[in-house]
Structure formats: C-alpha cells, structure tokens
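Since the structure comes first, as structure tokens, the remarks are kept for the end.
The values are calculated or read from the model by the stated rules, or taken from the named source; none is laboratory data. Here the structure is a predicted model, which is why all the values come from computation and not from measurement. Because the Cβ atoms are built from the backbone with ideal geometry, glycine has one as well, and the counts that use them run over all protein chains shown.
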Amino acid sequence: MRRIVAALALAVAGPAGAAGPGEDVDVTAGVVTGLECALAAREKGDLRKLTSCPPLEAQKDLVVYDVAERRIYRIAAKKVFRYQLESAFGGGSIDFSGKAVKVDANEVATVEVAEYSIAKKPKAGAFKGCL
C-alpha cells in the first residue's frame, strides 16, 4: 500500500512527459519564456523562473510552458512568428492548439500550430483602476 501511495505522489509531483509526435496539443494560457528558464521551472517547480526570465534567454530560444500540464513546447515558425511570441514574453500568454511533430532530448515537443491567440504583455502603467 505504501508503494502505491509513494508512486502516486511521484506521478502527481513529477513533471509530465513530453507530448509524443502526432499527439494533439491544446494549451490555454501558456507562458512564453526562455528555454533555460522553462527547464529550471519544470525541474524545481519554481514558477517565478518563468516570469523573471532575463531577456538574454529569450534571444537564445523562446518556448511555451504549460503550467497546468508542466510541459514545454517549441512553436514551429510556420504559423506563429517569433515577433509575436516576443510580444508575450515576460507577462503575456498564448493559447494554441496543434500537433506535436517531434520531441528533443530535453523532452521539449515542437508543435505545428493550427489555431492560436496571443495576449501581449501589458504595458507599464496600463492599469488605471480604482485607487
């Protein structure tokens, strides 16, 4: 009984495996961040690494981190352009659906996106609510 409970705890706490090639992918509110920051967040479970990722990491490789599934996705450039992903880096998000086409050694799946929408990072001072 203890082994079953321990195995279930590891399955829930541990990161999810990557989406396999041909698998349908549906992400809502994925965080756009750098690859190294996403890998660190998945490994340590510290989601602050996603939003505090230095811009230098974005220049290297932009990925999407799905917080709900704890998976990392690289977006194929066929439909979503890099400048669009950059507009969501550091506080925006992306919703997308598509198919995984390959998986690399870090368990990062590359997805060919069919549909997407991007919520850009809010501009500084944009909130003028009740004070």
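Quick notes
- Taken over the stretch 20-44, residues that are modelled with pLDDT under 90 and either closer than 10 Å to Ile72 by Cβ or within 12 Å of the chain's Cα centre (by Cα) (or both) amount to 1.
- Residues in the stretch 45-68 that are of a type outside the set (Gly, Ala, Ser), crowded, with 16+ Cβ neighbours inside 10 Å and either farther than 22 Å from Val101 by Cα or at pLDDT below 90 (or both): 4 in all.
- Only strands (runs of 3 or more DSSP E) whose full extent lies in the stretch 20-85 are considered here, and the ones with at least 1 residues that are of a type in the set (A, V, I, L, M, F, W, C) and on the phi > 0 side of the Ramachandran plot are 24-34.
- Candidate set: the stretch 115-131, residues that are among the charged types (D, E, K, R) and within 15 Å of Gly90 (Cβ to Cβ); chosen: the one modelled with the highest pLDDT: Lys120
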